[in-house]
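Please read the structure below before turning to the comments.
The values are calculated or read from the model by the stated rules, or taken from the named source; none is laboratory data. It should be emphasised that the depicted structure is a prediction, and the values quoted were computed from it without experimental measurement. When we count neighbours, we look across all protein chains shown, and the Cβ atoms used for this are built from the backbone with ideal geometry, even at glycine. SASA here: full protein model, heavy atoms, side chains in, ligands and nucleic acids out. Shrake-Rupley method; radii C 1.70, N 1.55, O 1.52, S 1.80 Å.
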Amino acid sequence: MPNSPKTLLHTALYPEAKPIIHSFNLIQNKLYEPLKVFENDDYILVVGGIGKDKTKQCLPTVYENFNISKAVNVGIAGCKDTRVKLGSLFCTNQTLEGIEKGSITCVNTPLDDATKLDTLLVDMESDAFLEISRNYLKDNNIFVFKIVSDYLDTKIPDKSFVYNSIKKSIAKWVIML
């Protein structure tokens, strides 16, 4: 295991990862294929795929092969409150200055019925990300950042919308690390 600690960045989708790859000049590490791993001296990003199972499959490999000091899940989420602006950034597991805190439910299949949602946000990976990360890190070193992409629409949002929303969010959350 390399000595230099890194911050783990986890996304489900490549369009979520792409602006992070560009912002941090990450280079793909093909040693861990079929896992999609990108890194530099400070960060390692893994594109884990949609859902809890895929998250649970990919994260242990990263934790066991790299010295991880912090872990960040960044991704899109559905929102039941149409008054919340699309592209809004939330942290779901910590209270951070300058970033709204939002409650989240993690589901196995896309949710399109607001009456079945008791929280503000919904995604498909955050529970598994927290569960696995807590085996390796303390809670204060784990962050879940979600960007509102839709109002409980079951189809994946436009790639350019996802890219631009994540890109705009980076400056807000990276300073919290």
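Put simply, of Thr55, Thr61 the only residue that is open to solvent by 20 Å² or more (accessible area, probe 1.4 Å) and either more than 15 Å from Leu177 (Cβ to Cβ) or not in a helix (DSSP H, G or I) (or both) is Thr61. Scanning the range 52-88 for residues that are in contact with a helix residue (DSSP H, G or I) (Cβ under 9 Å, 6 or more places away or on another chain) and charged (D, E, K, R) yields Lys52, Asp53, Lys54, Lys56, Lys70, Lys80, Asp81. Residue pairs, Cβ under 9 Å, 6 or more apart or interchain, first in the range 26-40 and in a strand (DSSP E or B), second of a type in the set (D, E, K, R) and buried (at least 17 other Cβ atoms within 10 Å of the Cβ). List them. If the second residue must be of a type in the set (D, E, K, R) and buried (at least 17 other Cβ atoms within 10 Å of the Cβ), the pairs left are Ile27/Glu39; Gln28/Lys36; Gln28/Glu39; Glu39/Lys6. Within the range 46-98, the residues that satisfy the criterion of being among the small types (Gly, Ala, Ser) and touching an Asp or Glu at 6+ places or on another chain (Cβ under 9 Å) are Gly48, Gly49, Gly51, Gly75, Ala77, Gly78, Ser88.
Tally the residues that are among the hydroxyl-bearing types (Ser, Thr, Tyr) and open to solvent by less than 30 Å² (accessible area, probe 1.4 Å), restricting the search to the range 6-51.
So in the range 6-51, the residues among the hydroxyl-bearing types (Ser, Thr, Tyr) come out as 7, 11, 14, 23, 32, 43.
Next, from what is left, pick out any that are open to solvent by less than 30 Å² (accessible area, probe 1.4 Å): 7, 11.
The total comes to 2.
Residue check: Leu117 meets all listed conditions (1) under 19 Å from Glu16 (Cβ atoms); (2) open to solvent by less than 20 Å² (accessible area, probe 1.4 Å) but one, namely (1). Among all positions in the range 75-96, there is at least one residue which is surrounded by 14 or more Cβ atoms within 10 Å (Cβ to Cβ) and under 21 Å from Gln28 (Cα atoms).
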